[in-house]
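For reference, the structure is listed below as structure tokens.
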Amino acid sequence: MTAITITLPDGSQRELEEGATVADLALDIGKGLAKAAIIAEVNGVEVDLVTPLADGSQVSIITSETDQGLETIRHSTAHILAQAVLELYPGATFAIGPPIENGFYYDFDIPDGVAIKEEELEKIEQKMREIIQADQAFVRGETTVEQALKIFSDHPYKCEIIESADKSEVDDSETISFYQNGDGFVDLCRGPHVPSTGKVAHFKLMSVAGAYWRGDEKRQMLQRIYGTAWATKSQLKEHLHRLEEAAKRDHRKLANELNLLSFPSELGGGLAVWHPKGSSIRKLMEDYSRQRHEDGDYKFVYTPHLANSELFKTSGHLDFYAEGMYPPMEMDNGEYYPKPMNCPMHCLIYRAGTKSYRDLPLRLFELGTVYRYERAGTLHGLMRIRGFTQDDAHIFTTEEGLSNEISNLLTFVMSVLTAFGFNEFSFNLSTRNPEKSVGSDEIWDNATKALIEALEREGLSYNVKEGDAAFYGPKIDIDVADAIGRSWQLSTIQLDFNLPDRFNLRYIDSTGERKRPVMIHRALMGSIERFFGVLIEHYAGAFPVWLAPVQVSVLPVAEEHETYAEQVERSLRDKGFRVELERASNSLGKRIRDVKSQKIPYVLVVGNDDIEPHTVGVNPRGGDVERGVPLDEFIQSLDDEVRSQQ
């Protein structure tokens, strides 16, 4: 029989018999790989293990230890979920079920208004385990559009996908691909899948939520079941533990418990009011940001909250961003919009007066409040909100000075984020999409090169997201890891070739020639609101001393000790500390529990033994109680701690 030659990722080659499949190749390499194999990548295309190989193919075997393998497991688990729901709920139909970060979901439409309840998830899980136990093979098939519409005639959402020929949901060819397993269960799918349902073992259904079909609130409301799936039992257990910890840290819950802010229904969705304690932290955040920007030679500016539509026509926002803007207000001299971004107004500030190359870089900074329309279903506490304040900077520089300015920005951003307790960073470089970009090849190449040079000069490793840049320039996104390992995208350094041209921004170079500056958008915290939400979850509400809204709570043992407690409070307040006095209206034990629940860094208890020597009993958050500490010594220690954290 004729042999075929296959090339592996390391460049080595294997000879197999003609007609051999990917699974045969895996077994030829080793029994361990054959058992671990999930799918394969053949000539850059992901395929099932049963796929026959052609001579000369380049093949990479994908296992569950890789991101690709894990995504496939989750995709296959979503199919098993759909199969289970259709078996358990007669007449049910299904829509889409993709893998997502850490899991998967599937959308269903159940007849007669039947709502799947959270307590029913266990029943669905049991049915899924029966399907997994049966070890049903995932069998790929291909057919015509006409035949596919017949196969899915009882499932209107699938038919809509077929008729729309959405290539993100079906195979990118003239045929329609599907997968079948068990007694006739068929799902529309590009694939690939694990070889059989038995390859899925470690999963859990998490929740049920409503989801509009196609994300359109004018379409049918479907029931979305979320789940998580992992390659090993230990990975699943670890993930569920992280979720439990994340639930304890939910900023919406803690903001309410700690009296930081609230979302009154009278305001409408996506709008918050800040209570005194939350406002105290916000002021500290903003004051720190202002001081760092002042030290960094930024010029402070202020801009209005709304503007004439002509501004947003010039900037292009009405062409490219209208769906994210609030409707206009008709006024005596035209239409006015609440601003969705600060950058157009900063361009106007730059344009006011002639600029020389000696004036650059010009760094403009504003804590500017913007308003963006977010669909009600996407709102999420402070993480997704309709009115928020950006620590927004726009830097105008020359092309020659771009690389150095980016280096300075990277150092500046990391130092500020470190001050707030973040120490693990990751960097993502988004590059040009040739089909959706403005500007010449040369300027894109030079700009991307400047970003890369800056990252490498600072010794920072980075991931490249090919074609992921905005149409007006490449960017660097900076993510941080929080206390429980979650990644948050916070800071962005975005180059812009578009707005300087739209606003005709120029400077005079050393030869007297008028040139266009490069504009850099830089949001460090992203928004004050979202950053605050991340901080709450990072610290689980137990803010470091310098940020804590109340740094010290003073508790007299009994009513006769209140006069001395007032002296202690006054001494602390005179030194600039944020302190509260809890009078002896309840038992000492209850008062200690109450203030501890507010996550106050230090509780000072004073009684008979403290009055004459002028001492305090120090009960630190998460530490051991120390009695008889001289008050002056405690104040100095507290001052040192605050200074060391800033």
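The values are calculated or read from the model by the stated rules, or taken from the named source; none is laboratory data. Given the structure is predicted, the values throughout are model-derived calculations rather than measurements. We place every Cβ from the backbone using ideal geometry, glycine too, and count neighbours over all the protein chains shown. Side chains are part of the model used for accessible areas, which takes the heavy atoms of the whole protein and leaves out ligands, DNA and RNA. Shrake-Rupley method; radii C 1.70, N 1.55, O 1.52, S 1.80 Å.
Filtering segment 336-352 down to residues that are aromatic (F, W, Y) and closer than 14 Å to Y371 by Cβ, which residue is most open to solvent (accessible area, probe 1.4 Å)? Per the criteria, the residue is Y336. Annotation: of all residues in segment 1-24 being within 40 Å of the chain's Cα centre (by Cα) and not in a loop (DSSP other than H, G, I, E, B), the one that is surrounded by the most Cβ atoms within 10 Å (Cβ to Cβ) is V22.
Considered as a group, the residues in segment 603-628 that are buried (at least 18 other Cβ atoms within 10 Å of the Cβ) and out of contact with any Phe, Trp or Tyr (no Cβ under 8 Å at 6 or more places or on another chain) include one that is nearest to I281 (Cα to Cα), and that residue is V603. Residues in segment 305-332 that are open to solvent by less than 20 Å² (accessible area, probe 1.4 Å) and within 16 Å of R386 (Cβ to Cβ): G324, M325.
None of P549, P544 is buried (at least 19 other Cβ atoms within 10 Å of the Cβ), not polar (S, T, N, Q) and not in a helix (DSSP H, G or I) except P549.
What helices (runs of 4 or more DSSP H) completely inside segment 267-333 contain at least 2 residues that are at pLDDT below 90? Give the derivation first.
Values: elements: 276-295, 309-315, 317-320.
Fully inside segment 267-333 and qualifying: 317-320.
Restricting segment 396-409 to residues that are of a type in the set (A, V, I, L, M) and touching a helix residue (DSSP H, G or I) at 6+ places or on another chain (Cβ under 6 Å), the residue that is surrounded by the most Cβ atoms within 10 Å (Cβ to Cβ) is I406. Could you say whether any residue in segment 580-587 is modelled with pLDDT of 95 or more and open to solvent by 10 Å² or more (accessible area, probe 1.4 Å)? Yes, that holds for at least one residue. Taken over segment 250-270, the criterion of being touching a strand residue (DSSP E or B) at 6+ places or on another chain (Cβ under 9 Å) and open to solvent by 30 Å² or more (accessible area, probe 1.4 Å) is satisfied by R252, N256, S262, F263, P264, L267. The set of residues in segment 420-474 being at pLDDT 90 or above, assigned to a strand (DSSP E or B) and open to solvent by 20 Å² or more (accessible area, probe 1.4 Å) consists of F425, S426, N463, V464, K465.
Criterion first (farther than 29 Å from N428 by Cα, open to solvent by 10 Å² or more (accessible area, probe 1.4 Å) and either in contact with a Lys or Arg (Cβ under 8 Å, 6 or more places away or on another chain) or at pLDDT below 95 (or both)) does A523 satisfy it? It is false that A523 is farther than 29 Å from N428 by Cα, open to solvent by 10 Å² or more (accessible area, probe 1.4 Å) and either in contact with a Lys or Arg (Cβ under 8 Å, 6 or more places away or on another chain) or at pLDDT below 95 (or both).
Taking segment 576-617, which residues are touching a helix residue (DSSP H, G or I) at 6+ places or on another chain (Cβ under 6 Å) and under 24 Å from E641 (Cα atoms)? The answer is V579, L581, E582, V603, V606, H614, V616.
Applying the selection to segment 475-510, what residues are more than 16 Å from the chain's Cα centre (by Cα), over 19 Å from I406 (Cα atoms) and assigned to a strand (DSSP E or B)? Those that are more than 16 Å from the chain's Cα centre (by Cα), over 19 Å from I406 (Cα atoms) and assigned to a strand (DSSP E or B): Y507, I508.
Taking every residue in segment 258-272 that is within 14 Å of R386 (Cβ to Cβ) and pairing it with any residue that is open to solvent by 40 Å² or more (accessible area, probe 1.4 Å), at least 6 positions away or on another chain, the pairs with Cβ-Cβ distances below 6 Å are G269/A376; G269/L379; G270/L379; A272/F263.
Check segment 298-315 and report whether any residue there is in contact with a strand residue (DSSP E or B) (Cβ under 8 Å, 6 or more places away or on another chain), farther than 30 Å from V85 by Cβ and acidic (D, E). Within segment 298-315 (the criterion being in contact with a strand residue (DSSP E or B) (Cβ under 8 Å, 6 or more places away or on another chain), farther than 30 Å from V85 by Cβ and acidic (D, E)), the answer is yes, since at least one residue qualifies.
Filter segment 46-94 for residues that are touching a His at 6+ places or on another chain (Cβ under 8 Å) and either among the basic types (K, R) or assigned to a loop (DSSP other than H, G, I, E, B) (or both) and give the result.
Passing the criteria: only D48.
Residue selection: F312 satisfies the criterion of being hydrophobic (A, V, I, L, M, F, W, C), in contact with a Leu (Cβ under 9 Å, 6 or more places away or on another chain) and farther than 30 Å from V416 by Cα. If the condition is being assigned to a loop (DSSP other than H, G, I, E, B) and in contact with a strand residue (DSSP E or B) (Cβ under 8 Å, 6 or more places away or on another chain), then segment 143-162 contributes T144, F152, D154, H155.
Residues that are within 25 Å of L260 (Cβ to Cβ) and of a type in the set (G, A, S), at least 2 per element: which strands (runs of 3 or more DSSP E) completely within segment 597-646 meet that?
So the answer is none; nothing clears 2.
Checked against the criterion of being closer than 30 Å to T354 by Cβ, in contact with a Phe, Trp or Tyr (Cβ under 7 Å, 6 or more places away or on another chain) and among the polar types (S, T, N, Q), the candidates S407, S440, S510, S403 yield just one match: S510.
Condition check ((1) farther than 17 Å from Q133 by Cα; (2) open to solvent by 10 Å² or more (accessible area, probe 1.4 Å); (3) among the hydrophobic types (A, V, I, L, M, F, W, C)) across all residues:
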site	(1), (2), (3)
T175	yes, yes, no
Y179	yes, no, no
T197	no, no, no
A209	yes, yes, yes
Y212	yes, yes, no
R219	yes, yes, no
Q223	yes, yes, no
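Residue count for segment 356-376, restricted to those that are among the basic types (K, R) and within 18 Å of F300 (Cβ to Cβ): 1. Taking the criterion of being closer than 30 Å to M221 by Cβ, touching a Pro at 6+ places or on another chain (Cβ under 9 Å) and part of a loop (DSSP other than H, G, I, E, B), the residues of segment 347-400 that qualify are R372, Y373.
Take R386 and decide whether it is more than 17 Å from E529 (Cα to Cα), open to solvent by 30 Å² or more (accessible area, probe 1.4 Å) and basic (K, R). Walk me through how you get there before you give the answer.
Values: more than 17 Å from E529 (Cα to Cα): no; open to solvent by 30 Å² or more (accessible area, probe 1.4 Å): yes; basic (K, R): yes.
Against the criterion (more than 17 Å from E529 (Cα to Cα), open to solvent by 30 Å² or more (accessible area, probe 1.4 Å) and basic (K, R)), R386 does not qualify.
Among the residues making up segment 243-289, those that are of a type in the set (A, V, I, L, M) and under 23 Å from L367 (Cβ atoms) are A255, L260, L261, L267, L271, A272, V273, I281, L284, M285.
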